[in-house]
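The values are calculated or read from the model by the stated rules, or taken from the named source; none is laboratory data. The model shown is predicted, which means the values in this text are computed figures rather than measured ones. All Cβ positions, even for glycine, are placed from backbone atoms using ideal geometry, and neighbour counts span all protein chains on display. The protein model used for the area step is the full one, side chains on, heavy atoms only, and it has no ligands, DNA or RNA in it. Shrake-Rupley method; radii C 1.70, N 1.55, O 1.52, S 1.80 Å.
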Amino acid sequence: MRSHSGAPPSRRRFLALSAGGAAAGAAALSGCAMPVSTGVSGGGETVTLMVKPEDISPELVKQAQKDTGITIKTVQHDITKLIAMLTSGNPPDLVRSVGAVDAAFFAARDVMEDLDPYFARSSVLEADDLDPVNDLWRYDGRIQGKGPRYGMVKDFSQDSMYWYNTSAFDKAGVEYPSETEPVTYEEWLDTAKRLVQRKQGQTTVFGGSYSGLTKATLFTTMTAAAGGSLFSDDFSRIDFTTPEARKALAWYIDYCRTKVGPSLIQPDPNGWDGPTYQAGRMAMSNNGYWLGGMINTDKKLAPVSRLAPAPVFEGGPRISACQGGTGLWMPRKASNKDAAWRIFEWFFGEAPAKERAAGGWGIPSLKSLRPLMPAQEDYQKRELKVQQEELKHFSVIAFTPYTTADAFDALFNQIATAAMAGQMSVDTLAGRLNAAINEQLKRGKEQVG
Amino acid sequence: MTVDQVSSVADRPRPAASTGRAPAADRPRVSMTARRHRAFYMFTSPWIIGFALLTIAPMVYALWLSFTTFDGISPNWRFIGLGNYSELLQDSVTWNALGRAGLFALTSVPLSIIAGLGLAILVNRPIKARGLFRTLLYLPAVVPPVGAGVAFKTLFDQNSGATNGVLTLFGFDALGWLADPYARYVLIMTVLWTAGNIMIISLAGLQDVPRELHEAARIDGASAWRTFRSITVPLLSPVLLFQTVTGVIASVQTIMPLLLAPLPGTGGVTTVPESNYLYMMHVFAQYFALGRYGYASALLWVLFFLILIVTGLIFKFTSGVVFYNVDPEAKK
């Protein structure tokens, strides 16, 4: 072996050095993985928000700096990235999530900060001003809707409601649905069948779209509307074979089989209802008040659009839940909690909240902001009246902490497509869904402990 | 002068220059070989470090994950040894997805090689605007898969796609191209659409075939087919082997079915029609939709070994038919 300094390293030595370099590099990378600057930096503090671009515009980021003196740094919302940041102990200071399905999941895994002490001393977000929808972000260790608050809704809708286009009804000679009294789900489907238009195997106008925000929330709310509960009392199991859950499942499979609206076996190429409804190719669209934000910018569409109450099942209670409740929460290991809370207050109670309330893209989550909801035009006044009546029927439908809605939907979609195509009975489907989703819930329960 | 001779000349000690610099004897002597070695390692080390960091380290991490119930976030994950591998053996969805992936490879790889080779032969002929045709045929290969997925989804949509527009124009009923049983054909079309990749490599191979061999065959009275079969294909066989191996690896790893799925995003992976629910879709669903990092990692390690085995088998079964245009003695 040559030992003088000019000798080349042996292959073995070189590989060992490379491995050492790689290990050192890996250590360095893990040390600086997803750096979150949350400490004091320069002139002011910096708070990192993991959000979607539509949640906070660059103008609002500047506004935050002006209003609070705090710099907002945004990170694109991505669940995989969030998990990596949480696992490495370097989470963002505030995170966007969907309250209806994410709050219990994250709270049960002990990664969320209890915000009760912050709310208690806040003069911006006062307890009696909070809309009941914010209870979606409460979890007491067993059930969603009770216990400490872990987050807050930015704005919301009652997502079982639907919009309809009166032009499509006029063209088909069908009577408009009532804006005060709910139709039954069966009536809704019959109406959709009369409104759908087809030609040579193609659907030119969808009679109606009804798929909920996610399949998970669709079935929890529809089962509740049938008078039952999809989950067992401890949320560790589901049962699609109960009469109420089966009724909801059978209705949805019937909706898919009749092909009156978009579904997995007849997807909407636009990916969501908005552009299709706007183009006059959908007579009814299952979306809540928030869709008015889009509809009311179209001066032709707005006057012919109506908002209607959430359908009910014959003999079932009138329930109109929020299936989303998107908002922000603070990770327990956030490193700049006080500054994060200041941004939280600003986002939910100050300029951005007022701007959202006036925009018509949802109902504000503070009662005091409701007077800002748009009511200049006749159609806006009309929608607002329907919405205000519907709020009387709001309730929180608790979701299980043992699975994500994504996992629920993935399993449902995988199993149910055959039933939608008429190749599987509803009872067989119910049994298979129980087996697959309960297995996922069992794994989740073991992991939560 | 051969390379070795050049090397030996360069390695000879040189007399010290008379410019006042320290004599060579006072400095450590660096031979040309040593310098060449050092240069080699300096040039390759970025790749080797990158390979170790970005390939070996994640693979080892995934191997460790495959022995756990880790879901990325929950506190009570545990080590389960070979539990995930044992579950995998009994999971019919996994085996069905693997079978479909194998079938897809068996169909798409030969078809795309035939299409690419056919196009290469066409654009290798002395035709007008040959350069333009080569460019146009290669263009789809540079379109990112996401763009191709959106284009195919739009083209084959049942209610508003151009394909059904043509069908209905001629009085036929529209078809649900993106659902079973047609979805598998659309998937194959996406592969054939990018045959320009294979065309370019095959074209390079074709241009390397000595012209005099074709002329000799023509003088001997061989038909065009016989010339192609006995001269062109053997000389192209290393290129075809390369395309087969890389094609098989790419086909089992394709994510195109996800891009053609009815729903976008992670939840949409299980909306892929059953005939297109290939092995990687199953892996994707386990990782990102169900949060089963441990099980998904086991699936990936199994795929890794299967690819190694299949690649080895391809080399073994083609060793006698692939013609390497090198001096066999030079290998020794």
Using the Kirkwood radius over Cα pairs of segment A:160-237, the Stokes-Einstein translational diffusion coefficient at 10 °C and 1.306 mPa s, in µm²/s and rounded to a whole number, is 109 µm²/s
What Kirkwood hydrodynamic radius, in Å, does segment B:177-220 give when the mean of 1/r is taken over all pairs of distinct Cα atoms and then inverted? 13.3 Å
Grab the DSSP H runs of the protein assembly as shown that are 4 residues or longer, score each as -39,500 (n - 2.57), total them, divide by all residues and round the 222 nm result to the nearest 500 deg cm²/dmol. -15500 deg cm²/dmol
Cα-centred dipole magnitude for chain A, charges only on beta-carbon of K, R (+1) and D, E (-1), debye, nearest 20: 1720 debye
Assigning unit charges at the beta carbon (Lys, Arg +1; Asp, Glu -1) and nothing else, what dipole magnitude in debye, to the nearest 20, does the protein assembly as shown show about its Cα centre? 3640 debye
With DSSP loop assignment and no more than 11 other C-beta atoms within 10 Å, the GluC sites (Glu not before Pro) in segment A:277-380 are A:314
What percent does the relative contact order of segment B:180-332 come to when contacts are Cα pairs within less than 8 Å and at least six residues apart? 25 percent
Which whole number gives the average, over all residues in A:402-415, of C-beta atoms from other chains lying within 10 Å of the residue C-beta? 6
List every DSSP H helix in chain B whose Cα atoms extend 30 Å or more along the helix's own long axis and whose mean Kyte-Doolittle hydropathy is at least 1.0. B:92-123, B:293-318
Potential lengthening between residue B:170 and residue B:107 on full extension [0.36 nm per residue; Cα-Cα distance subtracted]: 19.6 nm
Take segment B:55-197, compute every pairwise Cα distance, and split them into 5 Å bins from 0; I just need the percent in each bin. 2, 8, 10, 12, 12, 13, 13, 11, 8, 5, 4, 2, 1, 0
How do A:398-409, B:68-79, B:187-198 rank on mean C-beta neighbours within 10 Å, highest first? A:398-409, B:187-198, B:68-79
Which percent of Cα pairs goes in each bin when the distances of segment B:155-307 are cut into 10 angstrom slices starting at zero? 10, 25, 24, 20, 16, 5, 1
Given C-alpha coordinates of segment A:271-420, what is the ratio Rg to Rh with the Kirkwood estimate of Rh? 1.01
If I model a spin label as a point 7 Å beyond the Cα along the Cα-Cβ vector, how far apart are those points for residue B:317 and residue A:198 in nm? 4.5 nm
Protein-only accessible surface order, largest first, of A:392, A:337, A:445 at 1.4 Å: A:392, A:445, A:337
Expected field for residue B:160, accessible surface area in Å² at 1.4 Å probe radius, rounded to 10, holds 70 Å²
Take the residue pairs A:66/A:367; A:199/A:300; A:337/A:367; A:299/A:381; A:146/A:247; A:154/A:299 and return only those whose Cα atoms are more than 20 Å apart. A:66/A:367; A:199/A:300; A:337/A:367; A:146/A:247; A:154/A:299
Quick shape summary for chain A, equivalent ellipsoid via Cα gyration tensor, semi-axes whole Å in descending order, reads 42, 29, 22
Segment A:334-439 - convex hull of alpha carbons, volume per residue in Å³: 189 Å³
Equivalent ellipsoid, segment B:132-221 (semi-axes from 5 times Cα gyration tensor eigenvalues, Å): 38, 17, 11
Compute from the Cα atoms of segment B:78-140 the Rg and the Dmax, the latter being the longest Cα-Cα distance, and quote both in angstrom. 21.7, 67
On the formula 1/(1 + (r/R0)^6), with r taken between the Cβ atoms of residue B:125 and residue A:129 and R0 of 56 Å, the FRET efficiency rounded to 0.05 is 0.10
Setting aside same-chain residues fewer than 8 positions from residue A:333, which aspartates and glutamates have a Cα under 14 Å from its Cα? A:93, A:110, A:113, A:114
Kindly give the semi-axes, whole Å and largest first, of the ellipsoid equivalent to the protein assembly as shown, taking each as the square root of 5 times a Cα gyration tensor eigenvalue. 55, 38, 25
Using 1/(1 + (r/R0)^6) with R0 = 51 angstrom and r between the beta carbons of residue B:233 and residue A:439, what's the FRET efficiency to the nearest 0.05? 0.50
If you rank A:215, A:367 by how much accessible surface each has, with a 1.4 Å probe, what is the order from largest down? A:367, A:215
Diffusion constant of chain B at 37 °C, which comes from Stokes-Einstein with the Kirkwood Cα-pair radius and 0.692 mPa s, µm²/s: 133 µm²/s
Could you tell me which of A:398, A:336, A:352 has its Cα farthest along the dipole of segment A:306-399 towards the positive end, charges placed at Cβ (Lys, Arg +1; Asp, Glu -1), taken about the Cα centre? A:336
So how tilted is helix A:215-225 from the main axis of chain A? Cα-based, degrees 0 to 90, rounded to 10. 40 degrees
Which of the lysines could be linked to residue A:193 by a straight reach, that is with a Cα gap under 16 Å, when you skip same-chain ones fewer than 8 residues away? A:171, A:259
For chain A, with the dipole built from +1 on Lys and Arg beta-carbon atoms and -1 on Asp and Glu ones, taken about the Cα centre, which of A:261, A:183, A:222 lies farthest toward the positive end? A:261
With +1 at each Lys and Arg Cβ and -1 at each Asp and Glu Cβ, the charge dipole magnitude of chain B around its Cα centre, to the nearest 20 debye, comes out at 1300 debye
Solvent accessible area, Å² - residue B:170, 1.4 Å probe, full protein context: 150 Å²
Pairwise FRET efficiency - residue A:375 versus residue A:61, Cβ, R0 = 35 Å, nearest 0.05: 0.70
Which whole number of Å³ per residue matches the convex hull of the alpha-carbon atoms in segment B:41-98? 132 Å³
Segment A:177-221: Rg to Rh, with Rh as the Kirkwood radius over Cα pairs: 1.06
Simple SL model, points at 7 angstrom along Cα→Cβ for residue B:29 and residue B:204; separation in nm is 4.3 nm
Check: C-alpha center segment B:104-127 vs C-alpha center segment A:199-238, spacing in Å is 47 Å
Label model pair residue B:56, residue B:249: point-to-point distance (7 angstrom along the Cα→beta-carbon line) in nm is 1.8 nm
Where does segment A:401-448 land on Rg(C-alpha)/(2.2 N^0.38 Å)? 1.22
Convex hull projection area averaged over all views, segment A:84-145, Cα basis, nm²: 4.9 nm²
Peptide-level mean, for B:47-54, of C-beta atoms on other protein chains within 10 Å: 5
What is the extension gain from residue A:298 to residue A:355, computed as 0.36 nm multiplied by their sequence separation minus the C-alpha to C-alpha distance, in nm to one decimal? 18.6 nm
